[in-house]
Amino acid sequence: MALLQAEPPEPVRSLGELFAIARKLEHDAASHYDGLAARTRGAPEAAAVFERLAAEARARAAEVERRSEERTGRAPD
């Protein structure tokens, strides 16, 4: 089963653009998990899982930024 549900509107044009997309996805994931953690405060174990997932997404975003700087000389735009 394919994960892609729709064709992208256009191809990625550069490595910098790919890094920017990756960072945006990770930031969006972290925000989503933060929201889930807030909504599950009454269930501390569940909230802790979502908090950990949010932290992992932020760490991946930071790694994307580091690699972008390493490969392109700048942070994703």
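The values are calculated or read from the model by the stated rules, or taken from the named source; none is laboratory data. As the structure is a computational prediction, the values presented were derived from the model and not from experiment. These area figures cover heavy atoms from the full protein model, side chains too; ligands, DNA and RNA do not enter into them. Shrake-Rupley method; radii C 1.70, N 1.55, O 1.52, S 1.80 Å.
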Inset, instruction - Report, to the nearest whole %, how much of the accessible area of the chain belongs to carbon and sulfur atoms, 1.4 Å probe, protein only. - result: 57 percent
Inset, instruction - Pop out the ³J(HN,Hα) list for the stretch 42-55 in order, Karplus 6.51 cos²θ - 1.76 cosθ + 1.60 with θ = phi - 60°, rounded to Hz; leave Gly and Pro as x. - result: x, 10, x, 5, 5, 4, 5, 4, 5, 5, 5, 4, 5, 5
Inset, instruction - Give me the accessible area of ASP34, 1.4 Å probe, in Å² rounded to the nearest 10. - result: 70 Å²
Inset, instruction - Compute the accessible area per residue over the stretch 1-48, keeping the other protein chains in place, probe 1.4 Å, unit Å². - result: 79 Å²
Inset, instruction - For SER14 and ARG71, calculate 0.36 nm times their separation in residues minus their Cα-Cα distance, and state this gained length in nm to one decimal. - result: 19.4 nm
Inset, instruction - Once you have a ≥ b ≥ c as the square roots of the Cα gyration tensor eigenvalues for the stretch 24-77, tell me rounded if a/c is under 1.5, and otherwise prolate or oblate according to whether a/b is larger than b/c. - result: prolate
Legend entry - Full-stretch length increase - GLU7, VAL49 - with 0.36 nm per residue and alpha-carbon distance subtracted: 11.9 nm
